[in-house]
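Below is one structure, written out as structure tokens; the observations come after it.
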Amino acid sequence: METVTIKIRRHDPTVGEAPTLQEYTVPYQEGMRILDALLYIAEGIDPSLAYRYSCKIGNCKVCLMKANGKTVYSCQERLEPGMVLEPLTQFEEVRDLVCDLHKRAEV
């Protein structure tokens with residue numbers, strides 16, 4: 001089975017440590033979405049990974065994040081090898097890929 005490696009920005013602001021990029025290798029199938037990889041990681045590799053999703057149809061905005069610097073819905077964006085996944089920068093960070101979409105980040 002083919003695999004891809006992606007990097008995910010990990011950070012818990014309540015701990016006070018600097019953010020890190022953690023690499024994960026996941027099985028890959030043509031047409032996979034970022035959310036598929038996140039689900040695989042959380043269910044089989046690292047259950048501590050924080051991310052959100054709800055509808056899986058790109059409508060609720062809960063799964064918004066940055067992929068290679070571009071704002072995307074993780075449920076809609078195709079997974080690519082070497083992707084770097086990060087939380088949205090304009091909102092207050094909660095942990096890992098989770099942001100509070102109701103609170104703007106302080107500059």
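What follows is calculated from the coordinates using simple rules that are stated; it is not laboratory data. Being a predicted model, the structure only gives us computed values, none of them experimental. Note that we place each Cβ from the backbone using ideal geometry, even for glycine, and neighbour counts take in every protein chain shown.
The angle between the Cα long axis of helix 34-44 and the main principal axis of the chain comes to about 90°, on a 0 to 90 degree scale. Full extension of the chain between residue 14 and residue 54 yields a length gain of 11.9 nm, computed as 0.36 nm times the residue separation minus the alpha carbon distance. With a ≥ b ≥ c taken as the square roots of the eigenvalues of the C-alpha gyration tensor of the stretch 3-104, please select rounded if a/c is under 1.5 and otherwise prolate if a/b is larger than b/c or oblate if it is not? Since a/c reaches 1.5 but b/c is at least a/b, the shape of the stretch 3-104 is classed as oblate. Close lysine pairs were tallied over the stretch 3-104: pairs 8 or more places apart or on different chains with Cα atoms under 15 Å apart number 4.
Charges were assigned to the Cβ only: +1 to each Lys and Arg, -1 to each Asp and Glu. The resulting dipole of the chain about its Cα centre is roughly 380 debye.
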